[in-house]
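Reading through the structure tokens given below for one structure.
The values are calculated or read from the model by the stated rules, or taken from the named source; none is laboratory data. None of the values given here were measured: they were computed from a predicted structure. Neighbour counts run over all protein chains shown; Cβ positions are idealised from the backbone, glycine included.
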Amino acid sequence: MSRLTKIVLIGLILFPFAFLLMLSLGRQWPYPVLLPEQWSLSNWQVVLGGSEGLGNSVLLSVLLSLSVATLSTGLSFWVSRHIAYHPKREAWLSLAYFPYVFAPVILAACLQFFFIVGGLYGTFGGVLLAQLFITFPYGVIFFSSFWNERLRSMEELVKTLGGSTRQAYAKVLVPVAKGALMTCFFQLFLISWFEYGLTNLIGVGKVPTLTLRVFQYVNEANVFLAALASCLLIMPPVILLWLNRQVVFQERNI
Amino acid sequence: MQERWAAYSSRSLFVWLAAVPIVAGVSYALLYSLGLIGIMAEGLTLVHWQEVLTDTAFWRTLGFSLFVAAVSILLSLLLALALVLRAPQAFTRGTLSFFIYLPLSIPAIVMAFFIFQLLGKGGWLSRLSYQLGLISALEQFPDWVNDNYGIGIIVAHVIMATPFFTIFFANLYQNERLGEYLQLAATLGAKKRQRIFRVAVPVLLRRGLATVFLYFMFVMGSYEIPLLVGSQSVQMVSVRTIQRLQRYNLGDIPEAYAISVAYTVMVVILLGGLLWYNRKQMGRA
Amino acid sequence: MLEIKQISKQFRGEAVLRDLSFTLQQHEMLSILGRSGSGKTTLLKVLAGLEAADSGTVLLEGKDLSQKPANQRGIVYLYQEALLFPHLNVFENIAFGLRLRKVPEMEVRRKVGHLLERLQLPEQSTKMPEQLSGGQRQRVAFGRALVIEPQVLLLDEPFGALDTETRRSMQQLLKRVAKDLGLTAIFVTHDLKEAMLMGDRLGMMDGGQLKIYGNRAEFIADEQTGALEEARFWTDLQSIKLTK
């Protein structure tokens, strides 16, 4: 591939990022001016200064996604081990594909009633639970290729050396799984971080995550703040990508 | 024994978190659509199903969703395969191998917003056209968003799917050692075009079929992008369903649930088809 | 020391262990010759508590082990593959069992150091498993088992994956260590020579049943073991050589 083609491709890839950043810095953009006018950092200053409540949304999104990722990763790691060693492993695994039959937002719509009755409608806990429904099965599928004969033998080895199940997990299984646990954690974090439809439906707007704010600004036709919120949304994944590409994409055998 | 308790409770948790919500959701939607539960429920009735299945708008929605998904996937596959086959190493090593991941950090809602600002009548391309003298007024710019062909939706999905498939096929190329097969084909006398269409494409598509299919399902059921960038007259499934659920007309709700169930049935049939095809492949292999 | 009484086990309708009974004396190494599929791994796993028998009892020094879980039996089962913990170095791999029991640091260092000497590994103590050769890995696996001073050691074809040279030196090393430490062990292998070399007493496993021989001569005399056949092969070869 020629140097020129590479540069063109990279340029194309960077264009959306540059575009959004540029919009976030503007205050006026009358037609048919190509670039926004009145460039300044005032939008960012306002946001970082605390008004607009975007800071709260960032914190909320971070808290929500961290909780979802931690819970899902831990639970699916534990559950996938018991499923992987079951004689009818394939049948059990196919259950994990169920939630993907639904689009998340439609699943949320069908479950609204149950959330209302359970008093979880419009609450942080409700949104967390709903997101668990889509992240947990993903985690189980993710870890299903991790458990194998070798690991099972290692677990038995710990037992034969006198260790309990807890010690087997703590001293061998979790350390050996560290890489996979991290990757799964970040992938589930991103799924939660990007989520809109389900969060909006179950949270009824009372759980204003960053994605909801983007949509809110779009509805208000406030292009500049929408772009700003978008920039905030994109930043963590880009940073994670910088640290480890595998976090955002990993080949899975389906 | 402790081990047995752990095994049992972990599998129960699995059933509760993975299967129960789906079963509960489908059951609720089905019962509601049959008039057995709900605010305006009057007992078992097929009237809502009749209305949905005879409504041309419903079939147009399904057809439109399939159309958008098919076109998006096709275009992205073409682009991704072209990129990978032209320069297989470029996406697994070097600068490009980092940059190709960047678009994956953009969520659907941001992509929708971006496409709107790019392709809309008041958007960047429109302004560029004005500056270049291609148009003399905003209204002259073509309808590329909120249009009846789903152009904006397709473009958005293509931008999201192409990097994904590129990375996927680049990895697959490496793992399947396609390069060696192509060299082998060359020594057997195959010309470039033959090598691409008789060796590379079949191998990549065959192994990648499940992933492509799942992505297809994902596009069909997408919500955020058609929500911001789609039109009111022809909608995609998720948007239509949610919209009907949230309208003031309570009579629309059972129909919305009927649509949900119908869509789910369609997905299950398609998934079943994929599994059957997969099993046949394994049997042959 | 270890009494096995009428152990039976079925797997998917097939009998893997049939009414097996034998005794293992203290400080003795029992060598069991068995082809793959003879049930030898299952027998060892049942003794270690990693699998449960359908019927029969296992008594260690007169006490019934059937209720005791694998981690409380004092019997260590060693896999064919060394299975070293990839995230720990040689020292920590050997020390693993001691760390489980929260043994104080000074004693850990003393015991592990002792074993490193005995197994000729003192230079390797900080290396990671991937940096070791096959023979070195097996020695670390031994060290890991021996450091906790198990009552019985079960060895499941421990040298199967090694090349002939390494295999020979490992056999000699194990025999020496076993004698020095007074180990009570069962050594299972499909290799005839290895079985005869390693064991104080010999046994043969076939179709889920175990036959223990009174002495070496008895073992050789039994056609089933294949010892006679092997001997004939070499003598025939010798006579051909002489006549040529």
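Summary table below
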{"read-out": "Answer from A:V33, A:V8 - the residue that is more than 8 Å from chain B (Cβ to nearest Cβ), without any contact (Cβ under 8 Å) to a residue 24 or more places away in the chain and either out of contact with any Gly (no Cβ under 6 Å at 6 or more places or on another chain) or of a type outside the set (D, E, K, R) (or both)", "value": "A:V8"}
{"read-out": "Number of positions in segment A:105-129 that are aromatic (F, W, Y), more than 11 Å from chain B (Cβ to nearest Cβ) and closer than 24 Å to B:Y263 by Cβ", "value": "1"}
{"read-out": "Residue satisfying all of: in segment B:241-264; assigned to a helix (DSSP H, G or I) and either of a type in the set (S, T, N, Q) or under 23 Å from B:A161 (Cα atoms) (or both); farthest from the other protein chains (Cβ to nearest Cβ) among these", "value": "B:Q243"}
{"read-out": "One residue from C:I94, C:I75 being crowded, with 18+ Cβ neighbours inside 10 Å and touching a residue at least 60 places away in the same chain (Cβ under 8 Å)", "value": "C:I75"}
{"read-out": "Where B:S27 falls short, out of the listed (1) surrounded by fewer than 18 Cβ atoms within 10 Å (Cβ to Cβ); (2) under 30 Å from A:L12 (Cβ atoms); (3) not acidic (D, E)", "value": "(2)"}
{"read-out": "Filtered residue count, segment C:62-71, keeping only those that are under 14 Å from A:T160 (Cβ atoms), out of contact with any strand residue (DSSP E or B) (no Cβ under 6 Å at 6 or more places or on another chain) and modelled with pLDDT of 85 or more", "value": "0"}
{"read-out": "Breaking point among (1) closer than 30 Å to B:R4 by Cβ; (2) touching an Asp or Glu at 6+ places or on another chain (Cβ under 8 Å), for A:L71", "value": "(2)"}
{"read-out": "Evaluation of A:P175 against (1) surrounded by fewer than 19 Cβ atoms within 10 Å (Cβ to Cβ); (2) out of contact with any His (no Cβ under 7 Å at 6 or more places or on another chain) (one fails), failing number", "value": "(2)"}
{"read-out": "Identity of the residue in segment B:10-33, touching a residue at least 40 places away in the same chain (Cβ under 8 Å) and hydrophobic (A, V, I, L, M, F, W, C), that ends up farthest from the other protein chains (Cβ to nearest Cβ)", "value": "B:L30"}
{"read-out": "Helices (runs of 4 or more DSSP H) within segment B:94-207 that include 1 or more residues at the interface with chain A (Cβ under 9 Å from one of its Cβ atoms), in contact (Cβ under 8 Å) with a residue 24 or more places away in the chain and under 17 Å from the mean Cα position of the chain (by Cα)", "value": "B:108-119, B:151-175"}
{"read-out": "So A:L212, is it in contact (Cβ under 8 Å) with a residue 12 or more places away in the chain and surrounded by 19 or more Cβ atoms within 10 Å (Cβ to Cβ)", "value": "yes"}
{"read-out": "Pairs where the first residue, in segment A:152-177, is closer than 19 Å to A:G74 by Cα and more than 7 Å from every other protein chain (Cβ to nearest Cβ) and the second is charged (D, E, K, R) and surrounded by 16 or more Cβ atoms within 10 Å (Cβ to Cβ), C-beta under 6 Å, 6+ apart", "value": "A:A168/A:E155"}
{"read-out": "Matching residues in segment A:80-93 - criterion: being within 8 Å of chain B (Cβ to nearest Cβ) and without any contact (Cβ under 8 Å) to a residue 12 or more places away in the chain", "value": "A:H82, A:H86, A:W92"}
{"read-out": "Matching option when the condition is facing another protein chain (nearest Cβ under 9 Å) and in contact (Cβ under 8 Å) with a residue 12 or more places away in the chain, among A:L20, A:L60, A:L41", "value": "A:L20"}
{"read-out": "Breaking point among (1) on the phi < 0 side of the Ramachandran plot; (2) surrounded by fewer than 23 Cβ atoms within 10 Å (Cβ to Cβ); (3) over 22 Å from the mean Cα position of the chain (by Cα), for A:W78", "value": "(3)"}
{"read-out": "Residue, surrounded by the fewest Cβ atoms within 10 Å (Cβ to Cβ), within segment C:97-117, restricted to residues that are among the aliphatic types (A, V, I, L, M) and closer than 23 Å to C:G49 by Cβ", "value": "C:V103"}
{"read-out": "Residue within segment A:24-38 that is in contact with an Asp or Glu (Cβ under 9 Å, 6 or more places away or on another chain) and surrounded by 17 or more Cβ atoms within 10 Å (Cβ to Cβ) present", "value": "yes"}
{"read-out": "Only listed residue being in contact (Cβ under 8 Å) with a residue 12 or more places away in the chain and facing another protein chain (nearest Cβ under 8 Å), chosen from A:F98, A:F102, A:F77", "value": "A:F98"}
{"read-out": "Residue match in segment B:175-194 (condition: touching a helix residue (DSSP H, G or I) at 6+ places or on another chain (Cβ under 8 Å) and acidic (D, E))", "value": "yes"}
{"read-out": "Subset of segment C:171-214 (residues that are assigned to a helix (DSSP H, G or I) and either among the charged types (D, E, K, R) or under 17 Å from C:V46 (Cβ atoms) (or both))", "value": "C:K175, C:R176, C:K179, C:D180, C:K193, C:E194"}
{"read-out": "Checking A:G26 against (1) more than 10 Å from every other protein chain (Cβ to nearest Cβ); (2) more than 30 Å from B:A137 (Cβ to Cβ); (3) part of a loop (DSSP other than H, G, I, E, B), the condition it does not meet", "value": "(2)"}
{"read-out": "Hits in segment A:215-230 (condition: more than 9 Å from chain B (Cβ to nearest Cβ) and either touching a residue at least 24 places away in the same chain (Cβ under 8 Å) or of a type in the set (V, I, T) (or both))", "value": "A:F224, A:L225, A:L228"}
{"read-out": "Answer from A:L240, A:L212, A:L233, A:L201 - the residue that is at pLDDT below 90, assigned to a helix (DSSP H, G or I), within 22 Å of A:Q131 (Cβ to Cβ) and at the interface with another protein chain (Cβ under 10 Å from one of its Cβ atoms)", "value": "A:L240"}
{"read-out": "Filter result (part of a loop (DSSP other than H, G, I, E, B), buried (at least 18 other Cβ atoms within 10 Å of the Cβ) and free of Cβ contacts under 8 Å to residues at least 40 places away in the same chain) within segment C:31-72", "value": "C:G49, C:L50, C:L65"}
{"read-out": "Yes/no for A:T165 being within 16 Å of A:S61 (Cα to Cα) and in contact with an Asp or Glu (Cβ under 9 Å, 6 or more places away or on another chain)", "value": "no"}
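So that you can scan it fast, the table gives a plain yes or no per residue for (1) surrounded by fewer than 21 Cβ atoms within 10 Å (Cβ to Cβ); (2) over 18 Å from the mean Cα position of the chain (by Cα):
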{"residue": "B:F14", "(1), (2)": "no, yes"}
{"residue": "B:I39", "(1), (2)": "yes, yes"}
{"residue": "B:E42", "(1), (2)": "yes, yes"}
{"residue": "B:Q50", "(1), (2)": "yes, yes"}
{"residue": "B:S76", "(1), (2)": "no, no"}
{"residue": "B:L85", "(1), (2)": "yes, yes"}
{"residue": "B:P88", "(1), (2)": "yes, yes"}
